[in-house]
Structures are given as C-alpha cells and as structure tokens.
Amino acid sequence: MKRFEVDRCEGKLMGVCAGLGKAMGVDPTIVRIGFVVATIVGGWPWTVVAYFALGFFGQPGGARLRQRSKRAGIAGGTPDVRDLDRRLAEIDTYVASPNSRLAREIEDLR
C-alpha cells in the first residue's frame, strides 16, 4: 500500500477518496461509494468527521514534488500556470513572426 496523500486534482470534494483510491490501488469511485454506504448504514457522524479530518490534515499530493524542486534549486517550486501561458505566448510570437531569426534560418535550409 502506498502512502496516503490527498489528491485535490482528481478529487471531487476534498480529494480524500481519490487519495485513498491511489494509496490502495482501487478506483476512487469505489471508495466514494464505500464512504456513502458506510455513512448511510450507520456511521453517520463518524464517517463525515473522518472524511473532513483526512481532507484537512492529509498531505497534498504535489507536496513532495514541490519539496524536491526546492531542494534541486528551482526557485518557486512548480511554475505558475499564468507564467507558463505567458512564456508559451512569447515562444509562439517568436516562431510565428516573419522577421524572426528562426524563420530566416528555416528559409536558408530549404
């Protein structure tokens, strides 16, 4: 069994069932159904309390990736999506512009 980490990207509410599913190697949908059935059958307050406790105190899934990147010396850990979008727009502008050096080099190769 893997280590439990909350998976907020794949999760529906807080990522608890998705994290449990990954840790146990089971489809998260089955874990969700199990939580609902356990709550209805008789675990009403305790399954909800356990769910929210795991959601609040569970370690996020991307935390190890951020820790590794910081140890490797990458400033800021994982890059921001807006920063990536801006960088891709700059690359697209550079490649698509007719006056770029890259376009001239490609023309020279033909």
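The values are calculated or read from the model by the stated rules, or taken from the named source; none is laboratory data. The structure displayed is predicted, hence computed values, not measured ones. With ideal geometry, Cβ positions are generated from the backbone for all residues, glycine too; neighbour counts draw on all protein chains shown.
Observations, loosely collected:
- Scanning the range 26-43 for residues that are among the β-branched types (V, I, T) and more than 24 Å from R3 (Cα to Cα) yields V37, T39, I40, V41.
- Qualifying helices (runs of 4 or more DSSP H) (wholly inside the chain; at least 1 residues being at pLDDT 80 or above and surrounded by 13 or more Cβ atoms within 10 Å (Cβ to Cβ)): 16-24, 28-41, 44-57
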